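Right, I'll just put the structure down here and ask away after.
Read-outs throughout are calculated quantities, based only on the coordinates presented, and are distinct from any laboratory measurement. Just so it is clear, the model here is predicted, and its values are computed rather than measured. We place every Cβ from the backbone using ideal geometry, glycine too, and count neighbours over all the protein chains shown.
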């Protein structure tokens with residue numbers, strides 16, 4: 001009797017998927033895995049933090065590169081972005097051009113300079129792109145927002161701008177994957193801007209402090225470092241600048 005090659009291949013794929021699932025990092029509550037990506041349900045909305053997996057890009061951008069301003073094939077980026085839009089069930093993604101600033105646009109998302117996007121509309125998702133900087137989601141009864149928060153944005157007040165953009169609370173926050181203090185060596189200029197010290201900077205701790213000072217009632221951190229995990233995340237610092245972008249997305253319930 002000939003071996004059933006189709007069945008063997010199916011068993012192999014199932015075994016690979018099972019191994020991959022068991023090797024996934026354990027996530028802090030209320031984060032959970034949604035296929036290849038991280039999802040969190042908050043009282044008035046939800047968020048998705050993508051990984052680099054599940055797309056069509058090749059090489060340094062493999063595979064779910066969502067950055068239209070990278071050197072990737074634009075057709076691949078467009079296909080990847082469409083996959084993510086379908087995954088979150090949004091009619092439209094709101095995105096600006098990120099400039100390491102502090103502006104948070106509300107119901108715009110047409111490519112304007114903005115490092116945060118907020119939406120008050122159902123069926124629309126706000127999106128920012130990251131590759132070490134933090135994606136920080138805010139959800140309130142009237143709006144959902146996501147900010148691109150690197151050290152310049154954190155020092156300049158992008159968190160506070162996001163809290164103002166979503167309106168009155170209660171406000172819940174989710175901090176997605178970003179470079180951790182294990183990997184983020186900085187100089188005295190960055191420490192001076194952030195009010196920190198030591199050989200490295202902890203952007204997530206700084207973000208949490210800003211969120212709590214701004215009155216955010218609940219702050220959740222997924223606890224993952226982008227630089228430590230080349231299998232799942234793009235990292236600008238680790239990859240020497242030639243890399244893709246993952247995303248943080250937020251939408252209203």
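Checking a compactness column here: for region 33-252, what do you get for Rg(Cα) / (2.2 N^0.38 Å), N being the number of residues?
Taking N as the residue count of region 33-252, the ratio is 0.93.
Over region 33-252, what is the mean sequence separation of C-alpha contacts under 8 Å (at least six apart), divided by residue count, expressed as relative contact order in percent?
25 percent
Where does the chain land at 222 nm, in deg cm²/dmol rounded to the nearest 500, when only DSSP H runs of n ≥ 4 count, each adding -39500 (n - 2.57), divided by all residues?
Only helices count here, giving -8000 deg cm²/dmol.
Which percent, to the nearest 5, of DSSP beta bridges fully inside the chain are antiparallel?
75 percent
Using Cβ contacts closer than 10 Å as the measure, can you line up 151, 69, 251, 33 from fewest to most?
Ascending number of Cβ neighbours within 10 Å: 69, 33, 151, 251.
Over the chain, with a Gaussian network built from C-alpha contacts below 10 Å, which listed residue (214, 126, 174) shows the highest mean-square fluctuation?
Taking springs between Cα atoms under 10 Å, the residue moving most is 214.
Express the Stokes-Einstein translational diffusion coefficient of region 60-101 in µm² s⁻¹, to the nearest whole number, given a Kirkwood radius over alpha-carbon pairs, 37 °C and a viscosity of 0.692 mPa s. The partial results should precede the final answer.
Numbers: Rh = 11.3 Å.
Here the translational diffusion coefficient equals 291 µm²/s.
Rank the residues 66, 87, 42 as a footprinting-exposure proxy: fewest other Cβ atoms within 10 Å of their Cβ go first.
Arranged by neighbour count, lowest to highest, 66, 87, 42 become 87, 42, 66.
How long are the semi-axes of the equivalent ellipsoid of region 128-203, taking √(5λ) for every eigenvalue λ of the Cα gyration tensor, in whole Å from largest down?
Equivalent-ellipsoid dimensions as semi-axes: 25, 13, 9 Å.
For helix 203-213, report the angle its Cα long axis makes with the longest principal axis of the Cα atoms of the chain; keep it between 0 and 90° and round to the nearest 10°.
In the chain, helix 203-213 runs at an angle near 50 degrees to the longest axis.
In degrees, nearest 10, range 0 to 90: what is the angle between the Cα axis of helix 5-23 and the longest Cα principal axis of the chain?
Compared with the principal axis, the helix lies near 30 degrees.
What do you get for the angle between helix 74-88 and the principal long axis of the chain? Use alpha-carbon atoms, 0 to 90 degrees, nearest ten.
With both axes taken from Cα atoms, the answer is about 80 degrees.
Still on this model: How large is the Kirkwood hydrodynamic radius of region 130-253, counting all unique pairs of alpha carbons, in Å?
Computed over region 130-253, the radius equals 14.6 Å.
Could you give the semi-axes, largest first, of the ellipsoid that matches region 65-127, computed as the square roots of 5 times the alpha carbon gyration tensor eigenvalues and rounded to whole Å?
Working: eigenvalues 76, 57, 9 Å².
Each semi-axis is √(5λ); the values are 19, 17, 7 Å.
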